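In what follows, a single structure is set out as structure tokens and then discussed.
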Amino acid sequence: MIEESSSEESVINETELEVSEELQNESPETSAKDLEEVEPEIELSTEEQLEVDVLKWKDQAIRTAAELDNYRKRVARDLQEARKYGNRGFLEELLPVLDNFKMGLEAAADDESSMIYLGMKMVKDQLDEFLSNNGVKVMDPTGQNFDHHLHEAISQEETEEYKEGTIIRTARPGYTLHDKLLRAANVVVAQSPNNTDFSEESQTENAK
């Protein structure tokens, strides 16, 4: 009986030792996990919270100032465009009147000493000054290369005197308003004899 009791005590002691070792191995992890779960959230003091709010509002103020600056620049650019090109429609309607006036002046040029001619020439000079003061410039592209962005070919003439694509005559002058086209010039373009390629190309570009 004594031997059996000693054997049972030995088994119990070994079991307790194994359980103790397992608890020791699991103890650090369990403790750390438990500490994480019970660790309270860090609360900012009033002074620290004020600093965070100041940084937030400062960043928002910088962004708002940048947006306002961009808005001011955009408005200034729009106002400048309006000043430069606001009278474009009026000037476009004035050009045909000016064309007819110039034709009348040319007809009156047969007697340059007449009061009619002198009076019309004075009015023409005033019109030219008015257009110049408003940023309008006359285009007479005779002798230049044809450019479909600025010129409108009304016909082509076969010639060997000019290089193909050269403007040999301006039927109606063109005008620019500052840096933009106000009216394309109507021109006659040189064409090499028996060459229809340029004619077809010009008609295609004008159609665009």
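Nothing in this text is a laboratory measurement; each read-out follows from the coordinates by a stated rule. The shown structure was predicted, so the numbers you read here are calculated from the model rather than taken from an experiment.
For the stretch 131-148, just list the computed ³J(HN,Hα) in residue order, Karplus coefficients 6.51, -1.76 and 1.60, θ = phi - 60°, integers in Hz, with x standing in for Gly and Pro.
5, 5, 5, 9, x, 9, 10, 8, 10, 10, x, 4, x, 8, 6, 5, 10, 5
List the residues whose amide H sits under 5 Å from the amide H of MET139, counting only those 5 or more places along or on another chain, with H placed 1.01 Å from N in the peptide plane.
The list, which skips near neighbours in sequence, is GLY174, TYR175, THR176.
What residues have an amide H closer than 5 Å to that of GLN156, excluding those fewer than 5 places away on the same chain, when H is modeled at 1.01 Å from N in the peptide plane?
VAL189
Whose amide H sits under 5 Å from the amide H of GLN144, counting only residues 5 or more places off or on another chain, with H placed in the peptide plane?
Long-range HN contacts for GLN144: ILE167.
I'd like the Karplus ³J(HN,Hα) series for the stretch 106-120: coefficients 6.51, -1.76, 1.60, θ = phi - 60°, whole numbers in Hz, and an x wherever there's a Gly or Pro.
For the stretch 106-120, the Karplus-derived couplings read 5, 5, 7, 6, 4, 10, 5, 8, 6, 5, 5, 5, 4, x, 5 Hz, x marking Gly and Pro.
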